[in-house]
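As structure tokens, the structure follows; a few thoughts come after it.
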């Protein structure tokens, strides 16, 4: 199913949770809403589900207005952050719930319900837990049951709120891979909310980066990582070195010191220069953009992490250099970025 | 390579049992003794006396006292009043707890405070309120007389007074549980296609059933035992508006000790049964809360 979000605005009192949000979700894709807590991502998910209503704007399901329909009529599978399994029902009854509450012609026979629940429990590989109660399951098992329960109604879209948020690191990784595989099998349009960029980048076909109720960027994981379009996206996704700079008539300077870097067409004003830690080289001070003093060298992996205190403002930057690099603490070095991005706001 | 030597087992020495507490034994026994003696003197002994007095002339006078028409009528009235006030509080309790835990509205804290009012108001005031409202000299008195409706000095007044004093029991049990459980399960049910009514009966109600039953039990105990408020509105008409506590008082004042204690023992027995049921339920409610 195609989902259209058009100019959606939502306020909670004086707090603006969503400001004029527009988004198109394609059929069959797995899309991540990524942002820090309080960015409005869960609110957007709940509005799509019909658990909250926007103050203004439209939600379209296959081009048809969905706001006139309540959550039950929208036919969405919603997986809650804390699973919200029915605590007084067995795993079997939890999964069967959506089938048992059907009325009229869509009602299934007991045999059909049993067969369907068994099929779903097999799909999430937890058939052997059918007679347990939710409080007898581990977090990862609960999560998979919640998913099976949501899938029971054959939803046109699957919405997951922080699906792995409450799990420990190891289970989270396993479940993430499992969910990806499951999505490839059943191909239902899926939207999940997360604050964990690693999760979003690994799992999603496309990532929607949200901050303060606005969409900053929509793109494939590769796109948002390689070509961040705003300072927020660059800082939020992946590691970044951020150096405050000023652009004046195409010249980039750092605390009054000229850098000889290309301003990338940025307008005059204060701004930030972003570099990935592994895209900053150490050079002779003469041809460098910045210079500073090495204060610390550490790291056991393939790269060495070097801490440099910048000349000008004493800001600390951390860069990754090959193990073969020979610098020592106390040395004055020049820094030159290979790849970088400049974002300015007019002053 | 040397083989690991089996460790020779040494004779285990008995370690003296100690606790990190510092009270000497005599202090522990004193503290336990005082609390047991206190409970014994002020709770167990009086209760025992009730039964001892009730059976002091043997089993026949006991049964006779209970089988007497006025006693039977008092028992019947008590059961009817308890049933009605429990039913009303069951519905009201669910509705009020729902309103308080699910909606944000102006005056919510006032409502919360009002629910507790019967706990802080003396039962005699609870009775007087209804006399002033529905009595012959009361606000609604002339109108009710014209319609030939009797509330004060009749069963409806007793039900109203009992309702007033038992108001908080069910709500008080439900609110913390419903707050703790939140609305996510209900949202989940709705998203799975359940109607509002279906969600209530399949999810909300089963989740609070033990707390609800517990509240009902407390409410029932109070409804059967209430004396003060009921005494004001009842008018003490024998065989008509006497509940068990009122009947006991009359018998006692008329020096029918055996009969008084016989009825009292029945009331005490009901209270003991409630206590057992309550402690069983408490465990279930605790389980629900901890889940």
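The values are calculated or read from the model by the stated rules, or taken from the named source; none is laboratory data. Nothing here was measured: the structure is a model prediction, and the numbers come from that model. Quick reminder, even Gly has a Cβ in these numbers, built from the backbone with ideal geometry, and neighbours come from all protein chains shown.
When you check residue A:60 against the structure, is it at pLDDT 90 or above, part of a loop (DSSP other than H, G, I, E, B) and either closer than 19 Å to residue A:46 by Cα or at the interface with another protein chain (Cβ under 8 Å from one of its Cβ atoms) (or both), yes or no? Considered against the rule, which asks whether it is at pLDDT 90 or above, part of a loop (DSSP other than H, G, I, E, B) and either closer than 19 Å to residue A:46 by Cα or at the interface with another protein chain (Cβ under 8 Å from one of its Cβ atoms) (or both), residue A:60 comes out as no.
Within this structure, residue A:51 passes the test of being within 14 Å of chain B (Cβ to nearest Cβ), more than 14 Å from residue A:150 (Cα to Cα), in a loop (DSSP other than H, G, I, E, B) and without any contact (Cβ under 8 Å) to a residue 40 or more places away in the chain.
For region B:111-132, the condition holds for no residue, the condition being that it is more than 24 Å from residue B:234 (Cα to Cα), within 14 Å of chain A (Cβ to nearest Cβ) and in a helix (DSSP H, G or I).
Condition (residue is surrounded by fewer than 18 Cβ atoms within 10 Å (Cβ to Cβ) and either within 30 Å of residue B:127 (Cβ to Cβ) or over 12 Å from the mean Cα position of the chain (by Cα) (or both)) applied to region B:215-224: is it met by at least one residue?
Within region B:215-224, the first condition is being surrounded by fewer than 18 Cβ atoms within 10 Å (Cβ to Cβ), and the residues that meet it are none.
There is no residue in region B:215-224 that is surrounded by fewer than 18 Cβ atoms within 10 Å (Cβ to Cβ) and either within 30 Å of residue B:127 (Cβ to Cβ) or over 12 Å from the mean Cα position of the chain (by Cα) (or both).
When only residues in region A:324-346 that are out of contact with any helix residue (DSSP H, G or I) (no Cβ under 8 Å at 6 or more places or on another chain) and surrounded by 11 or more Cβ atoms within 10 Å (Cβ to Cβ) count, which is farthest from residue A:277 (Cα to Cα)? Per the criteria, the residue is A:345. Go through the residues of region B:3-23 one by one and say whether even a single one is outside any loop (DSSP other than H, G, I, E, B), modelled with pLDDT of 75 or more and surrounded by 10 or more Cβ atoms within 10 Å (Cβ to Cβ). No, there is no match, as no residue in region B:3-23 is outside any loop (DSSP other than H, G, I, E, B), modelled with pLDDT of 75 or more and surrounded by 10 or more Cβ atoms within 10 Å (Cβ to Cβ). Residue A:45 falls short on exactly one of the conditions (1) more than 30 Å from residue A:142 (Cα to Cα); (2) within 14 Å of chain B (Cβ to nearest Cβ); (3) out of contact with any helix residue (DSSP H, G or I) (no Cβ under 9 Å at 6 or more places or on another chain), and that condition is (1). In region A:139-160, what residues are within 10 Å of residue A:98 (Cα to Cα), buried (at least 19 other Cβ atoms within 10 Å of the Cβ) and over 22 Å from the mean Cα position of the chain (by Cα)? Residues satisfying the conditions are A:149, A:151, A:152, A:153. Every condition in (1) surrounded by 17 or more Cβ atoms within 10 Å (Cβ to Cβ); (2) more than 13 Å from every other protein chain (Cβ to nearest Cβ); (3) under 23 Å from the mean Cα position of the chain (by Cα) holds for residue A:27 except the one numbered (1).
Residues in region A:97-116 that are in contact with a helix residue (DSSP H, G or I) (Cβ under 9 Å, 6 or more places away or on another chain) and more than 10 Å from chain B (Cβ to nearest Cβ): A:107, A:108, A:112, A:113, A:114, A:116. Could you go through region B:275-290 and let me know if any residue there is under 25 Å from the mean Cα position of the chain (by Cα) and at pLDDT 85 or above. Yes: one or more hits. With respect to residue A:67, determine if the residue is outside any strand (DSSP E or B), more than 18 Å from the chain's Cα centre (by Cα) and away from chain B (no Cβ under 14 Å). Judged against the criteria, residue A:67 is a match.
If you take the residues of region A:254-273 that are touching a residue at least 40 places away in the same chain (Cβ under 8 Å) and part of a strand (DSSP E or B), which of them is farthest from the chain's Cα centre (by Cα)?
Going through region A:254-273, the residues touching a residue at least 40 places away in the same chain (Cβ under 8 Å) turn out to be A:254-257, A:261, A:263-264, A:266-273.
From what is left, the residues that are part of a strand (DSSP E or B) are A:254, A:257, A:269-273.
Values: A:254: 32, A:257: 37, A:269: 30, A:270: 28, A:271: 25, A:272: 23, A:273: 23 Å.
Going through the qualifying residues, I end up with A:257.
Scanning region A:39-48 finds no residues that are in contact with a strand residue (DSSP E or B) (Cβ under 6 Å, 6 or more places away or on another chain) and over 28 Å from residue A:172 (Cβ atoms). In the set B:183, B:151, only one residue is touching a residue at least 12 places away in the same chain (Cβ under 8 Å) and under 30 Å from residue A:79 (Cα atoms); that residue is B:183. Among the conditions (1) modelled with pLDDT under 85; (2) under 30 Å from residue A:345 (Cα atoms); (3) outside any helix (DSSP H, G or I), residue A:318 misses just one, which is (1).
Please tell me if residue B:230 is crowded, with 24+ Cβ neighbours inside 10 Å, within 30 Å of residue B:136 (Cβ to Cβ), in contact (Cβ under 8 Å) with a residue 40 or more places away in the chain and more than 9 Å from every other protein chain (Cβ to nearest Cβ). Please lay out each step first, then the result.
Values: crowded, with 24+ Cβ neighbours inside 10 Å: yes; within 30 Å of residue B:136 (Cβ to Cβ): yes; in contact (Cβ under 8 Å) with a residue 40 or more places away in the chain: yes; more than 9 Å from every other protein chain (Cβ to nearest Cβ): yes.
For residue B:230, the condition - crowded, with 24+ Cβ neighbours inside 10 Å, within 30 Å of residue B:136 (Cβ to Cβ), in contact (Cβ under 8 Å) with a residue 40 or more places away in the chain and more than 9 Å from every other protein chain (Cβ to nearest Cβ) - is met.
Annotation: of all residues in region A:1-24 being part of a loop (DSSP other than H, G, I, E, B) and surrounded by 15 or more Cβ atoms within 10 Å (Cβ to Cβ), the one that is modelled with the lowest pLDDT is A:1.
Which residue, of B:263, B:237, is over 16 Å from the mean Cα position of the chain (by Cα) and either at pLDDT 85 or above or over 15 Å from residue B:51 (Cα atoms) (or both)? The match here is B:237. Per the listing B:39, B:117, the residue uniquely out of contact with any strand residue (DSSP E or B) (no Cβ under 7 Å at 6 or more places or on another chain), surrounded by fewer than 13 Cβ atoms within 10 Å (Cβ to Cβ) and within 30 Å of residue B:186 (Cβ to Cβ) is B:117. Within region A:213-236, being buried (at least 16 other Cβ atoms within 10 Å of the Cβ) and farther than 21 Å from residue A:315 by Cβ holds for A:213, A:214, A:215, A:216, A:217, A:218, A:219, A:221, A:224, A:225, A:229, A:233.
Taking the condition more than 30 Å from residue B:210 (Cα to Cα) and within 14 Å of another protein chain (Cβ to nearest Cβ), does residue A:120 pass? Yes.
Give the number of residues within region B:139-196 that are assigned to a loop (DSSP other than H, G, I, E, B), buried (at least 22 other Cβ atoms within 10 Å of the Cβ) and within 14 Å of chain A (Cβ to nearest Cβ).
First pass over region B:139-196, keeping only residues assigned to a loop (DSSP other than H, G, I, E, B): B:139-140, B:148-154, B:167, B:182-183, B:192-195.
Next, from what is left, pick out any that are buried (at least 22 other Cβ atoms within 10 Å of the Cβ): B:152, B:167, B:192-194.
Add one more test, that the residue is within 14 Å of chain A (Cβ to nearest Cβ), and what stays is B:192-194.
Matching residues across region B:139-196 total 3.
Here are A:152, A:200, A:204, A:166: which of them is more than 26 Å from residue B:194 (Cα to Cα), within 14 Å of chain B (Cβ to nearest Cβ) and touching a helix residue (DSSP H, G or I) at 6+ places or on another chain (Cβ under 8 Å)? On inspection, the qualifying residue turns out to be A:166.
Checking the structure you have, find out if any residue of region A:73-93 is facing chain B (nearest Cβ under 10 Å), in a helix (DSSP H, G or I) and farther than 30 Å from residue A:20 by Cα. Can you show your working first?
Here is the first cut: in region A:73-93, the ones facing chain B (nearest Cβ under 10 Å) are A:73-89, A:93.
From the residues that got through so far, the ones that are in a helix (DSSP H, G or I) too are A:73-74, A:93.
Subsequent filtering for residues that are farther than 30 Å from residue A:20 by Cα retains A:93.
Checked region A:73-93: at least one residue is facing chain B (nearest Cβ under 10 Å), in a helix (DSSP H, G or I) and farther than 30 Å from residue A:20 by Cα.
Scanning region A:310-323 for residues that are surrounded by 15 or more Cβ atoms within 10 Å (Cβ to Cβ) and free of Cβ contacts under 8 Å to residues at least 60 places away in the same chain returns A:311, A:312, A:320, A:321.
Condition test on residue B:83, is it under 16 Å from the mean Cα position of the chain (by Cα) and either over 29 Å from residue B:180 (Cα atoms) or outside any helix (DSSP H, G or I) (or both)? Criteria met by residue B:83.
Does region A:84-101 contain any residue that is on the phi < 0 side of the Ramachandran plot and surrounded by fewer than 16 Cβ atoms within 10 Å (Cβ to Cβ)?
Step one: filter region A:84-101 for residues on the phi < 0 side of the Ramachandran plot, giving A:85-101.
Now drop any that are not surrounded by fewer than 16 Cβ atoms within 10 Å (Cβ to Cβ), which leaves none.
Checked against the condition, which is being on the phi < 0 side of the Ramachandran plot and surrounded by fewer than 16 Cβ atoms within 10 Å (Cβ to Cβ), region A:84-101 yields no hits at all.
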